[in-house]
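The numbers here are math on the coordinates, done by the rules we state, and not lab data. Since this is a predicted model, take the numbers as computed values, not measurements. Every residue, glycine among them, receives a Cβ derived from its backbone with ideal geometry; neighbour counts consider all protein chains shown.
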Amino acid sequence: AMRALTTAAVFLSLVMFKGTDQLRTRRPVAHFLRGVLWYGSLFFIFFALRQMSIAEVNAYLFVEALLTVLLAVVVLGEKLTARKITATLLGLAGIWIMCVPRMDGFGVPLGVAAALIGAFCFSAQTLFAKVLTRTENNFSMLFWPQIIGVMIWVPAALMIWHPASLADWLYASGAGFFAIGTNYMMLRAVRVADASVVSPATYIALPFSVAVDL
């Protein structure tokens, strides 16, 4: 909720300069669903981060690349080439090495399940983004998910709200800033390339997450 509030405030201030023309949309339902998937994925990712390290959570999240490749072929009709398959399987091999030790015969831990659900939600919102780029501009595609996030999570958060420190607000704002930057770059990417090409490229985040853990 804090993240949605801070990023929505930034976008509303930008609207004052850019005008409301940038917000017009022909697909409000798709924006709504993408916003639900985006902030739904965050909910499960935050839950997983309470249970595991950043590197472990990211490793499970990279299942999203495989899901996106498969869904893009089935839903969007993108071509499944040998290079896409190779890139995806190489990344999955690394995930397997990192994640298999967690599967110790006692069932799937809640953190792992949450990370996998988050990966599925993020994969689905990537496909929505690819479809929306055909008719929508980047600003509206970044703006509306924040508003949806405020509508969903702020009422829920108020039920259990505790006073947050300035540091908490700054961390939430920082997370929102980098997430918006990431999503802007992702939108630029899926405008010019297949979703099944863009998703495997996110494997490069894995060594960075390991470095952050260290």
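Numbers at a glance
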| item | result |
| --- | --- |
| For region 1-101, the Rg and Dmax computed from alpha carbons only, in angstrom | 18.1, 52 |
| Peptide ranges 126-134, 158-166, 82-90 listed from the most packed, as the mean C-beta count within 10 angstrom indicates | 126-134, 82-90, 158-166 |
| Quotient of Cα Rg and 2.2 N^0.38 Å for the chain, N being how many residues it contains | 1.05 |
| All Cα pairs of region 86-203, percent lying beyond 21 Å | 56 percent |
| Coordinate range along principal axes, alpha carbons of region 152-199, Å, largest first | 44, 22, 13 |
| For the chain, size of Cβ-based charge dipole, Lys and Arg +1, Asp and Glu -1, in debye | 680 debye |
